[in-house]
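In what follows, a single structure is set out as structure tokens and then discussed.
The values are calculated or read from the model by the stated rules, or taken from the named source; none is laboratory data. Note that the structure is predicted; figures quoted are calculated from it, not measured. Because the Cβ atoms are built from the backbone with ideal geometry, glycine has one as well, and the counts that use them run over all protein chains shown. Accessible surface is based on the protein model in full, side chains and every heavy atom, while ligands, DNA and RNA are left aside. Shrake-Rupley method; radii C 1.70, N 1.55, O 1.52, S 1.80 Å.
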Amino acid sequence: MHNIFNVLIIDDHPAIIDIYKIALERLNSLNKDFCFRVESANTCQEALEKLNYKSTDYQFDLIFLDIRIPPSDDGKILGGEDLGLKIREEHDDVKIIVLTSYNDNFLLNNIIKTINPEGFLIKTDFGFDEIVEAIKIVLIDPPYYSRSIIKLLRKQMSNDFTIDSLDRQLLYHLSIGTKTKDLPDVLPLSIAGIERRKRHLKNALNTGSKDDNVLIQIAKEKGFV
């Protein structure tokens with residue numbers, strides 16, 4: 001009997017979406033027990049809509065999740081990491097494969113701690129055969145981490161620190177030019193609370209500077225903004 005898996009590909013690059021679809025077709029051709037119904041979303045907003053409109057009789061079994069994707073319309077879901085957290089909260093049984101072009105150990109550790117994906121690969125590193133193998137293992141006996149992810153995770157970080165959702169919101173608003181005095185209007189924090197978080201982030205990210213611009217620059221380099 002065929003196992004029919006409902007798949008959602010969340011990525012804003014059509015070529016990448018096509019690669020995943022071809023990989024799913026290849027897996028189906030190699031093993032007829034795997035059948036896939038595939039949908040795609042290019043933004044956090046579109047992904048939320050697809051996740052929300054499905055009835056209880058149609059749940060996604062597998063989600064491909066890009067980390068750098070356009071935010072939701074209300075600005076509450078800023079990218080793939082926020083979306084992954086929401087999926088984890090609301091869809092316990094779904095398996096997530098995270099694909100990212102970032103290779104910064106700081107960010108990768110953060111994704112492991114927060115989303116804990118069943119599959120984790122770096123886009124620029126994997127070949128077509130690897131993505132087929134990753135899908136098969138994630139569906140049968142997860143997890144699957146690519147060689148580069150395993151190598152990066154072996155590096156010990158000097159500061160074991162996780163960026164939470166509020167930290168990401170703070171970094172996002174600073175990056176778009178929101179002034180500190182205006183941040184309490186968009187964040188549930190006082191000025192004193194905002195300054196404490198900024199100091200904590202600067203220490204954790206080793207900015208070596210009190211300048212907010214340096215904080216944002218390093219946060220961007222590490223993929224948090």
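Tabulated values for the structure
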item: Tail weight of P(r) past 16 Å, computed on alpha-carbon pairs of segment 181-225, percent; result: 41 percent
item: Accessible area of ARG196 in the full protein assembly, 1.4 Å probe (Å², nearest 10); result: 140 Å²
item: Probe 1.4 Å, all protein chains present, accessible-area order of LYS202, LYS95, LYS76, largest first; result: LYS76, LYS95, LYS202
item: Part-to-part distance (alpha-carbon centres) for segment 26-83 and segment 171-225, which is given in Å; result: 30 Å
item: Selected from VAL138, VAL186, VAL38 as most flexible by GNM, with the chain as the system and alpha-carbon contacts under 10 Å; result: VAL186
item: Surface per residue (accessible, 1.4 Å probe) for the chain, Å²; result: 51 Å²
item: Förster radius 30 Å - calculated FRET efficiency between LYS76 and ASN3, Cβ distance, rounded to 0.05; result: 0.30
item: Residues ILE150 and ASP211, FRET efficiency given R0 of 45 Å [Cβ-Cβ distance, rounded to 0.05]; result: 0.80
item: Note, ³J(HN,Hα) from phi for segment 203-218, Karplus 6.51, -1.76, 1.60, rounded to Hz, x at Gly and Pro; result: 5, 5, 8, 6, 5, x, 8, 8, 6, 4, 5, 5, 4, 5, 4, 5
item: Most mobile of LEU201, LEU187, LEU78 in a GNM of the chain (Cα contacts under 10 Å); result: LEU187
item: Surface/4 of the Cα convex hull for segment 1-99, nm²; result: 6.2 nm²
item: Among ALA47, ALA134, ALA15: highest mean-square fluctuation, GNM of the chain, C-alpha pairs under 10 Å; result: ALA15
item: Integer Hz, Karplus 6.51/-1.76/1.60 couplings in order for segment 120-129, x for Gly and Pro; result: 8, 9, 8, 3, 6, 9, 8, x, 4, 4
item: Candidate aspartates and glutamates - alpha carbon under 14 Å from LYS136, same-chain residues fewer than 8 apart omitted; result: GLU25, ASP33, ASP61, GLU118
item: Using alpha-carbon coordinates, inclination of helix 14-30 to the longest axis of the chain, degrees; result: 30 degrees
item: Amide H partners (placed H, <5 Å) of VAL98, local residues excluded; result: LEU65, GLY119, PHE120, LEU121
item: Extension gain (nm, one decimal) between GLU39 and ALA192, 0.36 nm per residue minus Cα-Cα; result: 50.6 nm
item: Cα-based equivalent ellipsoid, the chain: semi-axes from gyration tensor eigenvalues, Å; result: 34, 20, 14
